[in-house]
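Note sheet for the following structure.
No lab work stands behind these numbers, since they all come straight from the coordinates. Computed from a prediction, not measured in an experiment: that's the story for all the values here. In this analysis, Cβ positions are derived from the backbone assuming ideal geometry, glycine residues included, and neighbour counts consider all displayed protein chains.
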Amino acid sequence: MVFLSIAAPLVAFRYSYGLWQVPDPAQIAAGQNQTITLYYSDGRTELARISPKSGNRSSIRFQDIPGHVQHAVLAAEDNTFWENSGFDLTGIARAAWNNLTGDSGGGSTITQQYVKKATGNEELSFGRKWRELVLAKKMADTYDKKDLLTAYLNTVYFGRGANGIQAAAQAYFGKDVQRLDVSEAALLAGVIQRPTYWDPDVDRENAERRWNFVLDQMAGQGWLSDRASLKFPATLPRDASPSTARLQIENQVLAELEDLAHLHRDELHQRGYRVITTIDRDAQTSVEQTVSTVMAGQPDYLRAAVVSLDPDSGGVLAYHGGGNGVGLDYAQSPQEAGTTFGTFVAVAALRQGYRLDHPLNGSSPRMIDGIPFQNPADVRCSPCTLRTSLQLQASTASAALASQVGVGAVADAAYQLGIPRELRGKPSLGKDPDTRIAVGSGSTTVRTFDMASAYATLAAGGVRTSPHFVSRVEDIAGNVRYNATVSLSQVISPKIAYSVTTALTSVDLASGLTAAIRPGTRPYGDDGGTAKAWMVGYTKDIVTAVWLGADKILRIKNKEGKDITALGEPATIWRAVMDAYRGDQTTASQPPNPAARPSPPTTR
């Protein structure tokens, strides 16, 4: 029995070894020149094309790759490369253990990674891993290790549209690979596993963590003697061209496919995949045109962000990150939420048994928990109730309610609805939030993307979904390579969601749309000025969050020199997107009623 358990795999390995042909390294480079096509949610109308950047590929010879560059890549990906037979049994065992324990980290050698790129098969299956292992062994037997490492470094994707180490050196540092120093080489090696995410312009903290890991590995292998003297290197801006909504969508799609589908840009180009997004053509066209119109002629410091979601599926219907000429996506930029956060205070109170008619003190100004609070200009709410504090955005009443139910309960309600606990490795609501959480100031910051997600949970009757951009990925023959799965979780009761929705529901006089509407501001000073302006609202079919502000805390004014308010420019953008998506749908004009919703599907 023991003999069979040993002999059977050996026989299978020998049979597979003779049956399967190793891929020619040339086919990888030749196959990476196809366009990735993004489609709107209808699956027919083209949204964008991501073409291979021919200028971002330049092959180099082995002798042109400095030793410290080789060592950095081997330290990050395969420190036994020169000794192993194409695969590493220790690494495979470690990867298996990580999978069992829920930890991260793979066991693929550089040769296995190279085989995966050649075959274009990244399916998570035993069959794929077996084939990869056999072909890795055969490739190691067929080609010189120097040729394999050179081919790998000429084809691996480093982010920023750069395939190969030479293109990466230019994209990140504006220099040839021969001129990279040790710190720069370690940074590039560190981004290989997650090139879209671990670019320091995207996630500085994880980029530094990986950089340190690579240097520690190099030191441990005896490849580095001056570890302590090295400093994290500065990189060129990720995208020095003006940012557009389409480019931002492309970036989000690529990052999502890398994270959820394990599809990297190089494989997408190699196979010429079709990506069907969740983006609605009418809503996206409207947001692009309206933002362009509203922002024309505005002060240079003014920024905008817009996110629309389908409450049922979490699919992103429209997306615009503003842009300031260096590629920063403001839909993903943490901002103070202002009085829009009062909705989460109400949810926390209702979860504790409070009623909408619960009396509150909305007098202004006043001290609460030793902190001064003041209502927005022209807001009067004394006497006041929970319901009217929601409708009027009464800061003092909301702060008093937060004090009663507890700051921790408010934070938990926000987390449950969809505000992440951490942004860029730090608590999104601050390390120790205080009563100012009620008005979204102090250390409380959220992204426009997350604000839309949290309000979508209310629109869906308390069912939280996972926001996403991709519906499915198809090859050129129409075969589905990836199909998005929607995660559904009932995080608050339908009754609470409906109570909050009812309190927020009104008729937008400019459009006639009946929706749950929550304007919000982060004030500047005590005289009615605004530093951040929000407009968030939803029907049962769509939720849209709009933010206007600046990179710094300052009093924002429009091109006419007037203070920007939530009901001004943000409401104009919100209204246009909601109207465009609504079209002729009569059901969209009704307030969302969780009790009447059918059960949403589990996949899209």
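Our summary gives the range 314-442 a relative contact order of 29 percent, counting only alpha carbon pairs under 8 angstrom and 6 or more residues apart. Phi-derived couplings, Karplus 6.51 cos²θ - 1.76 cosθ + 1.60 at θ = phi - 60°, listed residue by residue for the range 473-487: 10, 10, 7, 5, 8, x, 6, 6, 8, 8, 10, 5, 10, 8, 8 Hz, with x used for Gly and Pro. Listed values for the range 47-52 are Karplus-derived 3J(HN,Hα) couplings in whole Hz (6.51 cos²θ - 1.76 cosθ + 1.60, θ = phi - 60°), namely 9, 6, 10, 10, 8, x, and x replaces Gly and Pro. Each peptide in 477-484, 446-453, 299-306 was scored by the mean count of other Cβ atoms within 10 Å over its residues; highest first, the order is 446-453, 299-306, 477-484.
Let's see if you can work this out: charge +1 on each Lys and Arg Cβ, -1 on each Asp and Glu Cβ, no other charges. What is the dipole magnitude of the range 398-496 about its Cα centre, in debye to the nearest 20? Could you put the intermediate results ahead of the total?
Numbers: 10 positive and 7 negative charges, 8 e Å.
Value, rounded to 20: 40 debye.
The per residue volume of the convex hull around the alpha-carbon atoms of the range 317-417 is 144 Å³.
How would the range 134-287 be classified by its alpha-carbon gyration tensor: rounded, prolate or oblate, with rounded meaning a/c under 1.5 and the a/b versus b/c comparison settling the rest? Walk me through the intermediate numbers first.
Values: a/c = 2.25, a/b = 1.41, b/c = 1.60.
Judged from the Cα gyration tensor, the range 134-287 comes out oblate (a/c at least 1.5, b/c at or above a/b).
With the simple model of a label 7 Å out from the Cα in the direction of the Cβ, Lys552 to Leu509 spans 3.7 nm. Around the amide H of Tyr482, modelled in the peptide plane, lie the amide H atoms of Val473, all under 5 Å away and 5 or more residues distant in sequence or on another chain.
How many angstrom lie between the Cα centre of the range 278-319 and the Cα centre of the range 208-276? Using only Cα atoms, the two centres lie 27 Å from each other. Checking the cross-link filter: which aspartates and glutamates have an alpha carbon closer than 18 Å to that of Lys557, excluding same-chain neighbours under 8 positions apart? Candidates past the 8-residue exclusion: Asp300, Glu336, Asp526, Asp527, Glu569.
Phi angles across the range 531-548 convert, under the Karplus curve 6.51 cos²θ - 1.76 cosθ + 1.60 with θ = phi - 60°, into 3J(HN,Hα) values of 9, 9, 10, 10, 9, 10, x, 7, 10, 6, 9, 7, 10, 10, 10, 10, 10, 10 Hz, Gly and Pro given as x.
When a/c reaches 1.5 or more, the comparison of a/b and b/c decides; with that in mind, is the range 397-519 rounded, prolate or oblate per its Cα gyration tensor? Mind showing how you got there, number by number?
Values: a/c = 2.22, a/b = 1.44, b/c = 1.54.
Note, shape of the range 397-519 comes out oblate.
For the residue pairs Lys146/Lys175; Lys175/Lys231; Lys495/Lys532; Lys495/Lys540, alpha carbon separations beyond 25 Å are given by Lys495/Lys532. Maximal additional length on extending the Asp357-Thr285 stretch stands at 21.8 nm, based on 0.36 nm per residue less the C-alpha distance. Near Ile368, the amide H atoms lying under 5 Å from its own belong to Phe373; only residues 5 or more places off or on other chains count, and H is placed 1.01 Å from N. Taking a ≥ b ≥ c as the square roots of the eigenvalues of the Cα gyration tensor, an a/c ratio of 1.5 or more together with a/b no larger than b/c marks the range 161-219 as oblate.
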